[in-house]
Amino acid sequence: MARYPATEGDFPMGLTQKVQHWLRTLFAADSGRRIPLLLEAPAWSEAPSPAPALARAIAPAPRPVIAFRRNAVFAAFNTAMPVTDRHGLAGRQRELVRLMDSVVIQRKHALIFGGRGSGKTSLARVFGDLADEAGCVALYGSASAGADVGGLFRPFLAELPMTQGSHATIGADADVQQLANLFVANVTQRTLLIVDEFDRVESPRTRHDVATLLKLLTDMHAPVQVVLVGIAGNVDGLIASHPSLRRHLFAQPVPPIANDELAGLLRLCGQQAGLELDERAVERIVGIALGSPYHARLVGMHAALAADTARRDRVTLADVQQGTADAIEEWSDLSPEVRRIFDRALRTAGPLRSVLAAAGALASQSQALDADRLARASADLFEDARDSLAAAEQAIALLRPALTEREPGLFEFEDSLSPQFLVLLATETAPADDIARTPQAEAPRERIQGVAAL
Ligand SMILES: Nc1ncnc2c1ncn2[C@@H]1O[C@H](COP(=O)(O)OP(=O)(O)OP(=O)(O)O)[C@@H](O)[C@H]1O
Ligand SMILES: [Mg+2]
């Protein structure tokens with residue numbers, strides 16, 4: 001169970017700012033995660049663009065009667081349902097513009113990829129909606145684990161806009177060429193087939209066939225384009241290497257969301273639940289979420305429930321404190337093994353505790369973790385370069401049971417929602433009894449206490 005100081009004044013707010021500042025400097029140059037405030041209006045965007053629409057916020061909902069407010073909180077902060085309404089999609093204007101440009105205008109296929117819960121389905125759904133408005137039929141489906149290429153696309157047939165009287169079917173042994181012929185000969189309107197959960201397809205043969213199909217569709221000027229959506233740290237993770245396909249495929253990562261957009265999302269969710277969030281509460285949740293809409297909603301929801309239980313209309317920092325503990329507990333119930341691994345690692349980490357926190361912060365931004373980057377990150381974050389590479393290697397070894405090795409020396413958290421929880425657990429004040437009271441232990445002790453108080 002998470003321990004937190006009892007009063008608002010004791011709350012370790014400084015860590016949030018420090019991690020955020022560090023992330024900004026670390027990622028500003030190459031990840032583009034700071035989303036420009038003003039984007040050039042794309043040719044297609046007659047419709048109001050999502051970010052300003054979100055910023056305008058919807059008209060305040062009538063305040064629900066207290067008895068019904070828990071339902072309103074669950075509905076507003078829902079962490080299970082993807083966003084389908086563009087006004088509820090925070091911080092994805094840049095991604096939507098790029099997808100519209102590449103898929104709708106340049107007629108490329110697309111791959112939307114990112115970690116679990118990063119917002120892939122939400123982005124794909126809202127993009128499908130915008131593409132639909134731009135004149136493409138957008139059909140949405142989900143891949144099943146053992147499917148071959150025919151099995152992946154057969155479910156779309158019933159809804160495809162076909163020439164009248166044509167009853168297209170895909171036989172059990174249909175090959176890729178037959179599938180492409182069918183789309184070219186029968187489909188009458190520009191159509192996007194959005195295949196979600198593509199990472200569930202494990203067969204290299206099926207992945208290769210899909211790549212071949214995409215290439216054929218482009219070469220044959222088919223009116224059908226494909227948008228693949230799946231969990232991956234990089235493009236190669238999702239699609240069999242097919243060098244000539246790369247020119248025809250637009251790859252869109254789903255990056256962390258900028259802080260101001262996450263703050264706007266939290267205020268909007270609060271408004272929908274009939275609650276107001278204190279600015280410090282918003283700031284704290286944003287600091288915990290580290291760019292993840294899932295974590296922002298989860299902690300926001302628990303904080304809102306805490307305020308509701310206390311029969312208040314305002315969510316305070318103390319509610320966030322309670323909400324954070326509840327969110328950790330909820331996650332621990334769902335991922336008990338990872339929680340055990342983190343607890344064990346933190347118990348034995350001693351002075352490496354701060355490096356574990358840095359590992360969580362780093363993985364929350366880029367999924368991949370390696371000793372070099374972790375050493376640099378923890379040296380930046382905690383201004384301590386002593387033996388940093390060795391410390392990073394040790395920290396990775398402690399976390400190893402929770403990691404998978406994508407390639408030699410490059411790791412990922414198997415539960416990609418866990419890094420934020422590792423940061424939270426690692427930045428709790430370490431119990432003094434855990435550290436031997438020897439003169440040698442004083443420096444590590446100060447460092448650990450320092451992490452909690454940053
Ligand atoms: N841009 C966003 N703005 C607001 N909420 C978002 C956004 N993106 C995702 N969410 C919320 O985060 C949660 C996870 O989103 P979503 O289901 O789209 O992620 P995903 O990457 O498809 O997850 P999975 O890997 O489980 O399929 C949902 O509650 C969703 O409402
Ligand atoms: Mg999804």
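Annotations
- The residue list R125, R94 contains one member that is open to solvent by 50 Å² or more (accessible area, probe 1.4 Å), modelled with pLDDT of 95 or more and more than 15 Å from ligand 2 (Cβ to nearest atom), which is R94.
- Filtered residue count, the range 70-80, keeping only those that are touching a helix residue (DSSP H, G or I) at 6+ places or on another chain (Cβ under 9 Å) and within 16 Å of ligand 2 (Cβ to nearest atom): 2
- All told, V176 meets the bar of being farther than 30 Å from L262 by Cβ and either within 16 Å of ligand 2 (Cβ to nearest atom) or in contact with a Leu (Cβ under 6 Å, 6 or more places away or on another chain) (or both).
- Being at pLDDT below 90 and more than 16 Å from ligand 2 (Cβ to nearest atom) holds for only one residue in P223, P204, and it is P204.
- The one condition from (1) assigned to a loop (DSSP other than H, G, I, E, B); (2) within 27 Å of A296 (Cα to Cα); (3) modelled with pLDDT of 85 or more; (4) open to solvent by 10 Å² or more (accessible area, probe 1.4 Å) that I257 does not meet is (4).
- Test: A240 is in contact with a His (Cβ under 7 Å, 6 or more places away or on another chain), modelled with pLDDT under 90 and not assigned by TED's automatic domain parsing to the domain that holds L410: yes
- So S118, is it assigned to a loop (DSSP other than H, G, I, E, B) and within 16 Å of ligand 2 (Cβ to nearest atom): yes
- Residue, farthest from F127 (Cα to Cα), within the range 69-88, restricted to residues that are aliphatic (A, V, I, L, M) and touching a Gly at 6+ places or on another chain (Cβ under 8 Å): A72
- Unique match (being more than 27 Å from I231 (Cα to Cα) and either of a type in the set (A, V, I, L, M) or open to solvent by less than 10 Å² (accessible area, probe 1.4 Å) (or both)) among A402, A391, A397: A391
So that you can scan it fast, the table gives a plain yes or no per residue for (1) within 29 Å of T404 (Cβ to Cβ); (2) surrounded by fewer than 17 Cβ atoms within 10 Å (Cβ to Cβ):
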| residue | (1), (2) |
| --- | --- |
| P253 | yes, no |
| A263 | no, no |
| Q272 | no, no |
| L290 | yes, no |
| P293 | yes, no |
| R314 | no, yes |
| V320 | no, no |
| G323 | no, no |
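The values are calculated or read from the model by the stated rules, or taken from the named source; none is laboratory data. Since we're looking at a predicted model, the values are computed, not measured. Here Cβ is always computed from backbone atoms with ideal geometry, including for glycine, and neighbour counts include all displayed protein chains. Areas reflect the complete protein model, heavy atoms only, side chains present, ligands, DNA and RNA absent. Shrake-Rupley method; radii C 1.70, N 1.55, O 1.52, S 1.80 Å.
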